[in-house]
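Inspection log for the structure reproduced underneath, given as structure tokens.
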Amino acid sequence: MSDDKAILPPIDPISAGLHGRCPRCGEGRLFSGFLTVGRRCANCGLDYSYADAGDGPAVFVILIIGFIVVGLALWMEVTLNPPLWLHFLLWIPLTLVLCLGALRLIKGVLLTLQYRNKAAEGRLDLGE
Ligand SMILES: [Zn+2]
């Protein structure tokens, strides 16, 4: 990634990530499956082997969706006091849908930001 000599106009990493597009050209697809990152960009040839979001997307999804769903469930319990089966029927499918949708969006954004900021694992500079 550090020897990337491609001359392309800079793109908005947030927009490209949300749309699942290549972080360099903004045109090619970033994902080959729902959450699987492709091998390279079909448009500009950028090698996606650098892409490693690690646990980052899952952490953001847990914090954001957990806050929303738990907040709504608590509000519903306090104001409406519904039976327990209604909580399960409502919140479990909603949580699954929101988590899967948000996971792809956040993973795309984190991978495009990783490319933009040249983020990588730390290396020792031994001063040779
Ligand atoms: Zn590309």
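Values in this text are rule-based calculations from the coordinates and carry no lab data. This is a predicted model, so every value here is computed, not measured. Positions of Cβ are generated from backbone atoms using ideal geometry, with glycine treated the same way; all protein chains shown enter the neighbour counts.
Worth pointing out:
- Length gained when the stretch Asp55-Arg29 is fully extended (0.36 nm per residue, less Cα-Cα span): 7.2 nm
- A Förster radius of 30 Å, combined with the Cβ-Cβ distance separating Asp12 from Leu96, puts the computed FRET efficiency at roughly 0.50.
- Selected from Leu74, Tyr115, Thr95, residue furthest toward positive end of dipole (the range 13-116; charges at beta carbon): Tyr115
- Under 5 Å, built H, 5+ apart or other chain: amide partners of Leu30: Arg21, Cys22
- For the chain, the Cβ-based charge dipole about the Cα centre amounts to some 400 debye (Lys, Arg positive; Asp, Glu negative; other atoms uncharged).
- Environment charge at Pro9 (Cβ cut-off 12 Å; Lys +1, Arg +1, Asp -1, Glu -1): -1
- Cα-based Rg and Dmax for the range 13-116, where Dmax is the largest Cα-Cα distance (Å): 17.3, 56
- Relative contact order (percent, whole number), the chain, Cα cutoff 8 Å, 6+ residue spacing: 35 percent
- For the chain, calculated [θ]222 nm from helices alone, where every DSSP H run of n ≥ 4 adds -39500 (n - 2.57): -17500 deg cm²/dmol
- From least to most packed, judged by other beta carbons within 10 angstrom and beginning with the fewest, Arg29, Arg39, Arg123, Arg24 follow the order Arg123, Arg39, Arg29, Arg24.
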